[in-house]
Amino acid sequence: MKQLKTLLIAAALFMGANQTMSAQAKVAHIDVQELMTTMPEMKTAQAQVKKISETYDNEYKTMVTEYQNKMKKYESEATTVTEAVNETRAKEMQDMGSRIQQYRDTAQKELQQKEMDLVKPIMDKARTAIQKVAKAKGYQYVLDATSGSGVIVADGPNLLADVKKELGF
């Protein structure tokens, strides 16, 4: 509901501004998400992120397997060892569980940061190409027609093919 209200206000402002502008204002649209997913650099970045993710997953699985094996061993020996040994083992297992959780959280943050580091230059390159094509074709406004971006109707020139050409693919 709030998005609809914001969209209506933006449309009203656009219409009001459009009336004060000359009739020459040109608007185009592009599906930025489609552009990004078809860029060769994005495919390379996704492959790098996948490889890093698999490395983290393998390490995590190794840690969990080690934890489970120790837990089984300690549970099977619990009745044959002293209370002090059981307390020490319980503390060890608790510490090990904490390390696994911390590793998972850190790995997730590092993976997100790496993905952002890889995607940002690609996004900047796409934005620059969009701006260049829009300027060359005389468009004052280019709307992002990605599904869910707030654009309800995109019935004007689509710059996707021209921007792909500008980017060389």
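The values are calculated or read from the model by the stated rules, or taken from the named source; none is laboratory data. Note that the structure is predicted; figures quoted are calculated from it, not measured. Every residue, glycine as well, gets a Cβ built from its backbone with ideal geometry; the counts of neighbours run over all protein chains shown. Only protein heavy atoms, including side chains, enter the accessible area calculation; ligands, DNA and RNA are left aside. Shrake-Rupley method; radii C 1.70, N 1.55, O 1.52, S 1.80 Å.
Observations on the structure shown:
- Those residues of the range 41-68 which are acidic (Asp, Glu) and surrounded by 12 or more Cβ atoms within 10 Å (Cβ to Cβ), in sequence order: Glu41, Asp57, Glu59, Glu66
- Restricted to the range 1-108, the set of helices (runs of 4 or more DSSP H) holding at least 1 residues that are at pLDDT below 95 and over 30 Å from Thr146 (Cβ atoms) comprises 40-77.
- Among the conditions (1) under 26 Å from the mean Cα position of the chain (by Cα); (2) assigned to a helix (DSSP H, G or I), Leu143 misses just one, which is (2).
- Counted residues, the range 114-140 - those being over 20 Å from Glu41 (Cα atoms), of a type outside the set (A, V, I, L, M) and open to solvent by less than 80 Å² (accessible area, probe 1.4 Å): 2
- Only one of Gly148, Gly168 that is at positive phi, under 21 Å from the mean Cα position of the chain (by Cα), among the small types (Gly, Ala, Ser) and surrounded by fewer than 10 Cβ atoms within 10 Å (Cβ to Cβ): Gly148
- Pairing residues of the range 80-106 that are closer than 13 Å to Val64 by Cβ and open to solvent by 60 Å² or more (accessible area, probe 1.4 Å) with residues that are in a helix (DSSP H, G or I) and not acidic (Asp, Glu), at Cβ distances under 8 Å and at least 6 apart in sequence or on separate chains, gives Arg99/Met63; Arg104/Tyr60.
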